[in-house]
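The values are calculated or read from the model by the stated rules, or taken from the named source; none is laboratory data. Bear in mind the structure is a predicted one, so any value in this text is a computation, not a measurement. Using ideal geometry, Cβ is built from the backbone for each residue, glycine included, and neighbour counts are taken over all protein chains shown.
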Amino acid sequence: MKLVIAVVEDKDSHRLVDALSDQNFKTTKLSTTGGFLKEGNTTLMIGCEDENVDDALEIIKKNSSQREQMVAPISPMGGSADSYIPQPINIEVGGATVFVVPVESFFQF
Ligand code: 2BA
Ligand code: 2BA
């Protein structure tokens, strides 16, 4: 068994959860915050059998849109110095960041 952990944009999350559920994947949705943009995103945990991981990844890929976003300069006075952005930069947002980790045990009590 594997645990697929997918960080996606909030706006993609409903569609993605529905698409996964349509294919009988069980999911748990967490409201999360990206460390760089400090904006809300969504993390999905999907526990599935090894042979179904590729299908899950395909569904995630299909339902996560990618786009570019301009980030305005952030003053270090307003936030922590490690996220200081001196000038506007174009970054790619959306898409999905996915981790697949082995599950040692799975219990439902
Ligand atoms: P954030 O940390 O808010 O990052 C949003 C986007 O900003 C990133 O998109 C990337 O394009 C850009 N970015 C992040 N750190 C940067 C930096 N130091 N310099 C320049 N640009 C930077 P994604 O890479 O698609 O990541 C989207 C979200 O996925 C991230 O939101 C974070 O919540 C999560 N994520 C990405 N990689 C991760 C990792 N290795 N571990 C844990 N979470 C991760
Ligand atoms: P939910 O997804 O809201 O599911 C609530 C309950 O609905 C489930 O209880 C199960 O009895 C039923 N259910 C879910 N998906 C179903 C389906 N496709 N067909 C028929 N019945 C279905 P539990 O199995 O005790 O799960 C409770 C909660 O634990 C789930 O809430 C979900 O958030 C999480 N979860 C369970 N299995 C998971 C997995 N493999 N991966 C990620 N999260 C899981």
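Side notes on the structure shown:
- Of everything listed in (1) away from ligand 2 (no atom under 16 Å from the Cβ); (2) part of a helix (DSSP H, G or I); (3) touching a strand residue (DSSP E or B) at 6+ places or on another chain (Cβ under 9 Å); (4) modelled with pLDDT of 95 or more, the single unmet condition for residue 41 is (2).
- Restricting the stretch 43-69 to residues that are closer than 13 Å to residue 93 by Cβ and near ligand 1 (Cβ under 10 Å from one of its atoms), the residue that is nearest to the chain's Cα centre (by Cα): 64
- The combined condition, being within 13 Å of ligand 2 (Cβ to nearest atom) and small (Gly, Ala, Ser), is fulfilled by residue 21.
- Residue count, the stretch 70-102 (criterion: surrounded by 12 or more Cβ atoms within 10 Å (Cβ to Cβ) and either at pLDDT below 80 or away from ligand 1 (no atom under 12 Å from the Cβ) (or both)): 9
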